Amino acid sequence: MARPDITRAEIERRLAVRLGRQALLTRAAPPAPQFDVLLEEAVLRRGVAAEQLRHLIRVSRQPNVSLRVIPLAGGLHRGNMTSGTFTILEFEGGAEPSIIYSDSLTLYLDKPAEVAAYGEAWDIMESPALAEAQSRKLMASIAEELT
């Protein structure tokens, strides 16, 4: 359902920004950033199309991309109950301090204690995550269920 407060131009601008970010993963110079992703299986099973899953599988095969799935069997844990969606931005060689980007009310967090808390949440969520190959196999299975 389209939101009446967002113009077509704004939608196109947002799409261009997202496509630009995606292009960063395949650039040659400067080298593409490392992109590590943890996704919960529940997210993949609701509102995701089979072609989107196949795209994730293709992208996850890039050497600078690690995409791992936290299976439903992983259950609830402190990481997914307290952190929500977030990105940890770490800069090569420690040139800049790490920053957390969150889709919550506070978008950017940069205090050392905040960064440490999100790092801990990542570690907690990473523990039950499947290996990359197992994650691709699960995504392929879900895609097959959708077709």
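The sum of -39500 (n - 2.57) across all DSSP H runs of n ≥ 4, divided by the residue count of the chain, sets its helix-only mean residue ellipticity at 222 nm to -14000 deg cm²/dmol. Bridge orientation summary for the chain: considering DSSP beta bridges with both residues in this region, about 50 percent are antiparallel.
Inter-part distance, the range 86-147 to the range 33-64, computed on C-alpha centroids, equals 13 Å. Once backbone amide H atoms are built at 1.01 Å from N, Val37 has Ser66, Leu67, Arg68 as its partners under 5 Å, excluding neighbours fewer than 5 places away on the same chain. Sorting the segments 58-64, 115-121 by their mean number of nearby beta carbons within 10 angstrom, highest to lowest, gives 115-121, 58-64. Projected over all directions and averaged, the alpha-carbon convex hull of the chain occupies 10.9 nm².
Values in this text are rule-based calculations from the coordinates and carry no lab data. Everything numeric here is computed off the predicted structure, so don't read it as measured data. Cβ coordinates were reconstructed from backbone atoms using ideal geometry, including for glycine residues, and neighbour counts include every protein chain displayed.
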